[in-house]
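J.: Dropping a structure here in structure tokens format, bear with me for questions.
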Amino acid sequence: MSGLRVELARVVLGGRTIVREAGFTAPTGAVTGLIGPNGAGKSTLIGAMLGLVPLAAGRVTFEGADLAGMGRRDRARLAAYVAQSATTEDRVSVRDVVGLGRIPFQSAWQADTDEGDAAIVAAALAEAGMSGFADRLYPTLSGGEQQRVQLARALAQTPRLLVLDEPTSHLDIRAQLLVLELLRRRAAGGCTVVLALHDLNLALNHCDHVAVMKDGAVVAEGAPASILTPALLLAVYGVHARVLPGAGGAAPVIAFDRPAAEAGPQYPD
Amino acid sequence: MAGAQVRRSGSSAAAALRHFSLPALVVLLLVSATLAITFGPAEISPGEAWGVILHHLGLRPESPVSRLRDAIVWELRLPRAVAAMGVGAGLALAGTVMQALTRNPLADPYLLGLSSGAALGAVGFLLAGAALLMPLGAFLGSLAALALALLVAQLLGGATPSRAILTGICIAALASAATSFLIFWTATGDSYREILSWLMGSLGGAVWSDAGLVAASLVLCAPVILAAGRALDAFAFGDAAAASLGVEVTRLRWTLLTATALLTGVMVAVGGAIGFVGLVVPHAVRLAVGTRHRRLLPHAMLVGAIFMLWTDTAARSLFDPRELPVGIITALIGAPVFLFILLRYRRIT
């Protein structure tokens, strides 16, 4: 079976079941959006897919190989991960942060001055539009710039599977579109892309495939236009919404009217 | 044009510096050691010092100086210099590793209570009559302090830098109280004073067996730590980030923390609780060579060795013939640096 397959995944953290029997497929060469309200378990499921969080039950395979169960180093050569935010107090340069992406391919005593690695790092910086930042210190960057540097680091891992947790959360609209365009290009090049997203309009117009999570389970999966319907948004998010056709060939837009009185998740605050 | 020119020559100078900084430090270390041996009441020239060393290494048939002066070099000053270099290198290495693993710029074997734990273990074994096993006691003590610190961090739900320091203060206070009690209960007159001066950190009385022990611990631990240089870089963004880059986080952390505890234990057994070296040296070196551990670790080792050599030389010659515990000097230098780090990393505490 090609692509990423998650089957009956269950994750228990601190006695609480965060993910219950979740399953979805991310086809090879497609951008798959993982959506759902806060606390639905998206980040935890992503962590479990990559072996960062233990899987209590279920299976995660990538191109037929057991992804969650394989050795860390083998997995790091196959799959790259970009977390929601990554901060450090170390005065480390942007180029060195992107260089971290080469770690899975380097041996402990190998010299630091590998020209192949330097070229990959430079290309990754250019692809993420961060070449001009190479010599800046990472902690001095804005949240959005840091996010793009982390994306460049993931690209430097030359991944066949790219998993991103809210990669656009700190980005302005232009940067969001640039990042999604980049991911689409990567997917067209054969990479399997999975990203957790909050912006449903981005999911509708930029993903090939979406999986919807609620309360730790995947409740729907398929082509965005057939999944992101007013009925599903009401059931999952508890909001009344309409999908407006884009005028004159423009992309369709989801408009949100008001929160439903009783349905949907309750937020403690 | 001119700007580009300057930049190019600047970067080639930087490249040259990158290339030669380690050999330069090795040369500086050898020169420092030679000079340190010449310091003291009995006048020894650098040439004589090397003559004595070559003679004892079997490379020179006769010693260039009298038997007494030969003994001053070979039995007193040289083993002490070797021990100082090793202790400095070991503490700097331990501090660098702890700062990376805990993502805590204030981490240091002394501040996190490891040194106090080691001192308790050492004094305990010493007063129990097992003086030869003192290094083992120190290792067990520092390991216990480390385990306690990690346990408390777990209970607190994660070790932030300030939590780690507070835990360290608590562990240090507890271990110091136990050490004082042991000394108060068992030690008499002379041994009391001796233990006290050792506790403040002193390399006075270091002999070849001490120097050998320090060297052996470095030979054992340094390669393990140096080999983890790249993995330590990956810890900059936390455990999950390191794991996603293929680092075996748990196994590496325990390996490196055990090596750190071993180094700290041996250094404390030989030199007492010498504070702040593991804090000052890594930060100073980071300013000069950057944050990548492949470069940082060996530089920190060498700078730590040079730093300790000179502070120890100052400790024994500033108020000659009285000797100052070297821990007082490292604290005098280290405490202001600690403050500087606090101000610089304001956001994290």
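J.: Among the listed residues B:Val266, B:Val285, B:Val326, identify the single one that is farther than 30 Å from A:Met49 by Cα, within 14 Å of another protein chain (Cβ to nearest Cβ) and hydrophobic (A, V, I, L, M, F, W, C).
T.: Numbers: B:Val266 fails: within 14 Å of another protein chain (Cβ to nearest Cβ); B:Val326 fails: within 14 Å of another protein chain (Cβ to nearest Cβ).
Criteria check complete, one pass: B:Val285.
Residue-wise test of (1) at pLDDT below 95; (2) out of contact with any helix residue (DSSP H, G or I) (no Cβ under 7 Å at 6 or more places or on another chain); (3) within 14 Å of chain B (Cβ to nearest Cβ); (4) in a helix (DSSP H, G or I).
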site: A:Gly69; (1), (2), (3), (4): yes, yes, no, no
site: A:Arg75; (1), (2), (3), (4): no, yes, yes, yes
site: A:Asp90; (1), (2), (3), (4): yes, no, yes, no
site: A:Val97; (1), (2), (3), (4): no, no, yes, yes
site: A:Ala111; (1), (2), (3), (4): yes, yes, yes, no
site: A:Asp117; (1), (2), (3), (4): yes, no, yes, yes
site: A:Ala122; (1), (2), (3), (4): no, yes, no, yes
site: A:Glu145; (1), (2), (3), (4): yes, no, no, yes
site: A:Val149; (1), (2), (3), (4): no, no, yes, yes
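J.: Listed residues A:Gly249, A:Gly216, A:Gly238; which is at positive phi, buried (at least 21 other Cβ atoms within 10 Å of the Cβ) and either out of contact with any Cys (no Cβ under 8 Å at 6 or more places or on another chain) or not basic (Lys, Arg) (or both)?
T.: A:Gly216
J.: While we're looking at this one, here's another question. How many residues are outside any helix (DSSP H, G or I) and either β-branched (Val, Ile, Thr) or crowded, with 16+ Cβ neighbours inside 10 Å (or both) when one looks only at the range B:145-188?
T.: Going through the range B:145-188, the residues outside any helix (DSSP H, G or I) turn out to be B:156-160, B:187-188.
From what's left, either β-branched (Val, Ile, Thr) or crowded, with 16+ Cβ neighbours inside 10 Å (or both): B:159-160, B:187-188.
Matching residues across the range B:145-188 total 4.
J.: Report whether or not A:Gln176 is assigned to a helix (DSSP H, G or I), surrounded by 22 or more Cβ atoms within 10 Å (Cβ to Cβ) and not aromatic (Phe, Trp, Tyr).
T.: no
J.: Out of the residues in the range A:154-177 that are charged (D, E, K, R) and in contact with a Leu (Cβ under 9 Å, 6 or more places away or on another chain), which is nearest to B:Ala240 (Cα to Cα)?
T.: Step one: of the range A:154-177, the residues charged (D, E, K, R) are A:160, A:165-166, A:172, A:174.
Within this subset, residues satisfying the condition of being in contact with a Leu (Cβ under 9 Å, 6 or more places away or on another chain) are A:160, A:165-166.
Numbers: A:Arg160: 20, A:Asp165: 13, A:Glu166: 16 Å.
The extreme case among them is A:Asp165.
J.: Now for a separate question. What are the residues in the range B:190-240 that are surrounded by fewer than 22 Cβ atoms within 10 Å (Cβ to Cβ) and not in a helix (DSSP H, G or I), if any?
T.: Of everything in the range B:190-240, those that are surrounded by fewer than 22 Cβ atoms within 10 Å (Cβ to Cβ) and not in a helix (DSSP H, G or I) turn out to be B:Met200, B:Gly204, B:Gly205, B:Val207, B:Gly238.
J.: Tell me the strands (runs of 3 or more DSSP E) entirely within the range A:1-46 that contain at least 1 residues that are of a type in the set (Asp, Glu) and surrounded by fewer than 16 Cβ atoms within 10 Å (Cβ to Cβ).
T.: Values: elements: A:4-13, A:16-26, A:31-35.
Per the criteria, A:4-13, A:16-26.
J.: Let me ask you something else. Across the range B:102-133, what is the number of residues that are among the hydrophobic types (A, V, I, L, M, F, W, C), in contact (Cβ under 8 Å) with a residue 40 or more places away in the chain and buried (at least 21 other Cβ atoms within 10 Å of the Cβ)?
T.: First, the residues of the range B:102-133 that are among the hydrophobic types (A, V, I, L, M, F, W, C): B:106-107, B:111-112, B:114, B:118-120, B:122-123, B:125-128, B:130-133.
Subset that is in contact (Cβ under 8 Å) with a residue 40 or more places away in the chain: B:106-107, B:111-112, B:114, B:118-120, B:122-123, B:126-127.
Checking which are buried (at least 21 other Cβ atoms within 10 Å of the Cβ) leaves us with B:106-107, B:111-112, B:114, B:118-120, B:122-123, B:126.
Qualifying residue count, the range B:102-133: 11.
J.: While we're on this one: For B:Ile44, work out the one condition from (1) aliphatic (A, V, I, L, M); (2) more than 27 Å from B:Tyr192 (Cβ to Cβ); (3) crowded, with 18+ Cβ neighbours inside 10 Å; (4) within 25 Å of the chain's Cα centre (by Cα) it doesn't fulfil.
T.: (4)
J.: In the list B:Ser142, B:Ser116, which residue meets the criterion of being under 11 Å from B:Ala261 (Cβ atoms) and among the hydroxyl-bearing types (Ser, Thr, Tyr)?
T.: Working: B:Ser116 fails: under 11 Å from B:Ala261 (Cβ atoms).
None of the others qualify; the one that does is B:Ser142.
J.: A further question follows. Do we find a residue being at pLDDT 85 or above, basic (Lys, Arg) and out of contact with any Asp or Glu (no Cβ under 7 Å at 6 or more places or on another chain) anywhere in the range B:227-236? Quick ask: steps written out before the conclusion?
T.: First pass over the range B:227-236, keeping only residues at pLDDT 85 or above: B:227-236.
Narrowing the set further to residues that are basic (Lys, Arg) leaves B:230.
So of that shortlist, the ones also out of contact with any Asp or Glu (no Cβ under 7 Å at 6 or more places or on another chain) come out as B:230.
Checking the range B:227-236: at least one residue is at pLDDT 85 or above, basic (Lys, Arg) and out of contact with any Asp or Glu (no Cβ under 7 Å at 6 or more places or on another chain).
J.: Same structure, new question: Whether any residue in the range B:240-259 is aromatic (Phe, Trp, Tyr), free of Cβ contacts under 8 Å to residues at least 12 places away in the same chain and away from every other protein chain (no Cβ under 14 Å) is what I want to check.
T.: For the range B:240-259, residues aromatic (Phe, Trp, Tyr), free of Cβ contacts under 8 Å to residues at least 12 places away in the same chain and away from every other protein chain (no Cβ under 14 Å): present.
J.: Could you list, in sequence order, all residues of the range A:71-91 that are under 24 Å from A:Ser107 (Cβ atoms) and either touching a Ser or Thr at 6+ places or on another chain (Cβ under 9 Å) or surrounded by fewer than 17 Cβ atoms within 10 Å (Cβ to Cβ) (or both)? Give the derivation first.
T.: Just the residues of the range A:71-91 that are under 24 Å from A:Ser107 (Cβ atoms), to begin with: A:71-81, A:90.
Those that are under 24 Å from A:Ser107 (Cβ atoms) and either touching a Ser or Thr at 6+ places or on another chain (Cβ under 9 Å) or surrounded by fewer than 17 Cβ atoms within 10 Å (Cβ to Cβ) (or both): A:Gly71, A:Arg72, A:Arg73, A:Asp74, A:Arg75, A:Ala76, A:Arg77, A:Ala79, A:Ala80, A:Tyr81, A:Asp90.
The values are calculated or read from the model by the stated rules, or taken from the named source; none is laboratory data. Please read these numbers as outputs of a predicted model, since none were measured by experiment. FYI the Cβ positions are ideal-geometry reconstructions off the backbone, even for glycines, and counts take in every protein chain you see.
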